[in-house]
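Right, one structure below, let's go through it.
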Amino acid sequence: WCPSLQRTTASHLLKTAARMAAARGLSRAVVLRVGCTTFLRGSSSQPSPRLYGSIAVSVTENQQLNMSGLTDVIITEPLKHPDFFNVKELFSLKDLFDAKVHLGHKKGCRHRLMEPYIFGCRLEQDILDLEQTVEHLHLALNITAHIAYRKGVILFVSRNRQFVHLVENTARDCGEYAHTRYWRGGLLTNAHVHYGTGIRLPDLMIFLSTLNNVFEQHIAIRDAAKLSIPTVGIVDTNCNPSLITYPVPANDDTPSSMELYCRLFRMTINRAKDKRKQMEILYRLKVK
């Protein structure tokens, strides 16, 4: 019997016993951990990062990717249809005629760029072609609906004092903004000076009257064109439509016509926002 062999055998046995004890402790810890996991799963469906570590992070990232993909689907779906929001059913040509949309100004006030939209002249008063007005108004309402559907900021602009309250109430009813007072130069081009950094400019500007007075065009039209902000404008026969992105040849003076425009834009924006909520609920149910 060798003493050194005895010491080696004893140390080997001690190491083996330690490994077995550690293995039993590890298995007990695993069982306890699984039991805690089962208990926590019954209380919450979200995985705990304390229990799963990097697995919980990957699950959260997958959920975020699913939500971003869901948002992309919701945004791109309306682009597959020419009239996704059914704006053509909101009005007819007879509605425009009854609201006196076809009445223009005197022949002497005619702007040369408005001649393609004029149907004729009667008693020295220009008459607008309502068939072209219908097409342009459909396009303007459609682009407004798409921007509202994408949660864009829409600004109503008018300098006609007669319709100040009408325009402001229209913007308030559809959850958007209005500017009906004097427009200071540089409100858009120097927005960081007037409001500070990080200000968000409007995604669409709707001009229910494109003139400051009888002879002067609204300053915001020029500023919006400089910043490539899309604009929708009601242009009468004495207006310049060259800087308007989506011009609508129509009467901008009669109360009945202005009430029609405000009602159409309000219905379009509210319809687009309601459609966005419906699409979000529908696709979330499909994902679940």
Considering only strands (runs of 3 or more DSSP E) fully contained in segment 190-288, which possess at least 1 residues that are without any contact (Cβ under 8 Å) to a residue 60 or more places away in the chain and open to solvent by less than 20 Å² (accessible area, probe 1.4 Å)? 204-207, 231-235
Would you be able to tell me the number of residues in segment 215-265 that are touching an Asp or Glu at 6+ places or on another chain (Cβ under 8 Å) and within 20 Å of His146 (Cβ to Cβ)? 3
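Residues are listed down the side, and each one gets a yes or a no for (1) within 30 Å of Leu285 (Cβ to Cβ); (2) in contact (Cβ under 8 Å) with a residue 24 or more places away in the chain; (3) in contact with a Leu (Cβ under 9 Å, 6 or more places away or on another chain):
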{"site": "Thr71", "(1), (2), (3)": "yes, no, no"}
{"site": "Arg110", "(1), (2), (3)": "no, yes, no"}
{"site": "Gln125", "(1), (2), (3)": "no, no, yes"}
{"site": "Glu135", "(1), (2), (3)": "no, no, no"}
{"site": "Asn142", "(1), (2), (3)": "yes, yes, no"}
{"site": "Ala148", "(1), (2), (3)": "yes, yes, yes"}
{"site": "Asn160", "(1), (2), (3)": "no, yes, yes"}
{"site": "Glu168", "(1), (2), (3)": "no, no, no"}
{"site": "Ala171", "(1), (2), (3)": "no, no, yes"}
List the number of the failed condition for Gln162; all other conditions in (1) in contact with a Pro (Cβ under 8 Å, 6 or more places away or on another chain); (2) open to solvent by less than 60 Å² (accessible area, probe 1.4 Å) hold. (2)
Restricting attention to segment 75-119, and to residues there that are among the small types (Gly, Ala, Ser) and under 31 Å from the mean Cα position of the chain (by Cα), which single residue is most open to solvent (accessible area, probe 1.4 Å)? Ser92
Filter result for Asp129 (in contact (Cβ under 8 Å) with a residue 60 or more places away in the chain, surrounded by 13 or more Cβ atoms within 10 Å (Cβ to Cβ), under 27 Å from Arg200 (Cβ atoms) and not aromatic (Phe, Trp, Tyr)): no
Right, Ile199: touching a His at 6+ places or on another chain (Cβ under 9 Å) and aliphatic (A, V, I, L, M) or not? yes
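The values are calculated or read from the model by the stated rules, or taken from the named source; none is laboratory data. As the structure is a computational prediction, the values presented were derived from the model and not from experiment. Heads up, the Cβs are rebuilt from the backbone with ideal geometry, glycines too, and the neighbour counts pull from every protein chain shown. Areas reflect the complete protein model, heavy atoms only, side chains present, ligands, DNA and RNA absent. Shrake-Rupley method; radii C 1.70, N 1.55, O 1.52, S 1.80 Å.
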